[in-house]
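So the structure is just underneath, and the comments pick up after that.
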Amino acid sequence: MTNRPDTPLLDRVHTPADMKGMSDAELRRLADELRAETISAVSETGGHLGAGLGVVELTVALHAIWDAPRDKIIWDVSHQAYPHKILTGRRDRIRTLRQQGGLSGFTKRAESPYDAFGAAHSSTSISAALGYAVARDLGGVTDEGLGDAIAVIGDGAMSAGMAFEAMNHAGHLGKRLIVILNDNEMSIAPPVGALSSYLSKLYAGAPFQEFKAAAKGAVSLLPSPFQEGAKRAKEILKSVTVGGTMFEALGFSYVGPIDGHDMDQLLPVLRTVKSRASGPMLIHVITKKGKGYAPAERAADGGHATAKFDPVTGEQKKSKSNAPSYTNVFGETLVDLAAEDKRICAVTAAMPDGTGLQMMAGRYPSRCFDVGIAEQHAVTFSAGLAAGGMRPFCAIYSTFLQRGFDQVVHDVAIQRLPVRFAIDRAGLVGADGATHAGSFDVAYLSNLPGFVVMAAADEAELRHMVATAAAHDEGPIAFRYPRGEGVGVTLPAQGEVLEIGKGRIVREGARVAILSLGTRLAEAEKAAEALEARGITPTVADARFAKPLDREMILDLAARHEALITVEEGAIGGFGSHVAQLLADEGVLDKGLKFRSMFLPDTFIDQADPRVMYDIAALNADDIEAKVLDVLGVTRLDAKKA
């Protein structure tokens, strides 16, 4: 408790209504206290730090001026929403962030009426806010009422096509809608693309310019002191003829850029917009990620995501492991292969570090492409590279690849183009919870004709699968692997090209066979050891491929055992479903084989330690052991006697 900051003003704020009587000077001090409280809380929990620090003043200003939850403040992605949570009645739980039973690391409608729209993936806020605005004008009703709709979207998220689709529609409808472009020159990785360059030119080096007649009436939105004083107008607003042309073309009145850390700019502009806006407004706010906390400001990623840390020094308290991370194994293997094959190139969607491609970018920058937050484009761009004779690796988290599914189907699978999909964060991911779980990729890829789908059981297998993907030119191929460190197996010097559709027997036994896909193999082996102590010796196999299935191995296991159990870190409709279909088609189930499939339950699992999440999913060693005993009709007591 001694490290908690002194926050006399913040102590008075239990809901945003408590801010209404505060002076501007008090709101400035409140922002300082809110920043200190955010740093203190995240130092104890870990989580997304830099984004929240960058919007502290904006968060205070929004809640002081608007009337949430009647007014809907929608945070894009929402990893910047910790300060918002503190101000909206959740300060007493803020040190439970991202923990089992605690606050979500993102906005979540079920958590609070102040979380107007759940998020965790980017570029959805303007669409959702426009939906609220139209619902308001059509007479829609919510428990809190419907007032203004305010979308807060970062410059990285603004680069995604969905944001522009929403702005185009909003400009067409002409509804009162407020979009705040939180421009910090950084999403997670440094921003890329023409939009980033455009925004940079708005304020790079040049002083703010005076308004001109071409501002198309936006001057009338300024408070009267600013209309009268050209000098102050310079400090607040940049000429729409320079800054807002693109946004005005989409039907938005543009204001900015303004300093998002200067309450003397934020408060009067936001108050004027609230009182005078009649149609779509875009307010361009310049902020600094990690603002006010030196270790975050110094970090290359602005302190985007941290483990628990010392709030004084910023030193993170990360656990150490002797095993390399799966992400690093992928990145290093890809660089080795790229050294031998100039056709190998890599594509990611704003996650070069998260996917391990920073290594490729460092060694072969001309063959490594970060397309920004644009998964759909990443997939089709990769398809074009493949059509052009390259060997592209499209590295995207499982949860984010969902956003490009139509492109996977139409632009890759139907054309049988050899795009290699490196699917990171497969399975349950821990503190990020359901929004980031890699639950569905096996199911949605295995249903596509001509697709090869692999899942690595350990880091050595991953190295083999990267090599296999590099050598596969007959069509699309994907390999999935989890977040975090490997299991500690010895890594081969180079990957071996696996025979497509062939699994491996890991442990020979009798009566029951456990067929695993992915990293649950280690749990299956633990279960086998426990069962052997009970007098039951199961066979354990690693499927390696969800598609094509190793028909020969599966049918052999079915023929030699009383029971067959599949285990996977994916949803129903995936590997186990395909095995069941094979067994049914071959008439094996009619001959008395007992078949069971273990997969993620039909629910979204909230954040917790990954081990706990797999306990909830019933996919740990104890659960596999229990499933074997159940299918054999043996109680644990009987097994001990045996």
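The values are calculated or read from the model by the stated rules, or taken from the named source; none is laboratory data. Just so it is clear, the structure is predicted and the values come from calculations on it, not from any experiment. Counting neighbours? That spans all protein chains shown, and the Cβs are built from the backbone with ideal geometry, glycine included.
State yes or no: is Glu552 over 21 Å from Gly450 (Cα atoms) and not hydrophobic (A, V, I, L, M, F, W, C)? No. Filtering region 598-628 to residues that are more than 24 Å from Arg483 (Cβ to Cβ) and without any contact (Cβ under 8 Å) to a residue 40 or more places away in the chain leaves only Ala626.
For region 581-603, a residue qualifies if it is within 17 Å of Leu517 (Cα to Cα), part of a loop (DSSP other than H, G, I, E, B) and touching a helix residue (DSSP H, G or I) at 6+ places or on another chain (Cβ under 7 Å), and exactly one does: Phe599. If you go through region 467-485 one residue at a time, do you hit one that is assigned to a strand (DSSP E or B), of a type outside the set (Val, Ile, Thr), closer than 29 Å to Glu625 by Cα and at pLDDT below 95? So far as region 467-485 goes, yes, one or more of its residues are assigned to a strand (DSSP E or B), of a type outside the set (Val, Ile, Thr), closer than 29 Å to Glu625 by Cα and at pLDDT below 95. Among the residues of region 1-42, the ones that are surrounded by fewer than 17 Cβ atoms within 10 Å (Cβ to Cβ), outside any helix (DSSP H, G or I) and hydrophobic (A, V, I, L, M, F, W, C) come to 1 in all. Of the helices (runs of 4 or more DSSP H) lying entirely inside region 262-340, those carrying at least 2 residues that are without any contact (Cβ under 8 Å) to a residue 24 or more places away in the chain, in contact with a Gly (Cβ under 7 Å, 6 or more places away or on another chain) and surrounded by fewer than 21 Cβ atoms within 10 Å (Cβ to Cβ) are 294-298. Ile514 meets each of the listed conditions (1) more than 28 Å from Phe393 (Cβ to Cβ); (2) in contact with a Leu (Cβ under 7 Å, 6 or more places away or on another chain); (3) in contact (Cβ under 8 Å) with a residue 40 or more places away in the chain; (4) among the β-branched types (Val, Ile, Thr) apart from (2). Taken over region 35-71, residues that are out of contact with any strand residue (DSSP E or B) (no Cβ under 8 Å at 6 or more places or on another chain) and farther than 23 Å from Pro257 by Cβ amount to 12.
Restricting attention to region 509-533, the residues that are within 21 Å of Leu583 (Cβ to Cβ) and out of contact with any helix residue (DSSP H, G or I) (no Cβ under 6 Å at 6 or more places or on another chain) add up to 7. Only one of the listed residues (Ala493, Ala434, Ala460) is among the small types (Gly, Ala, Ser) and either buried (at least 19 other Cβ atoms within 10 Å of the Cβ) or in a strand (DSSP E or B) (or both). That residue is Ala434.
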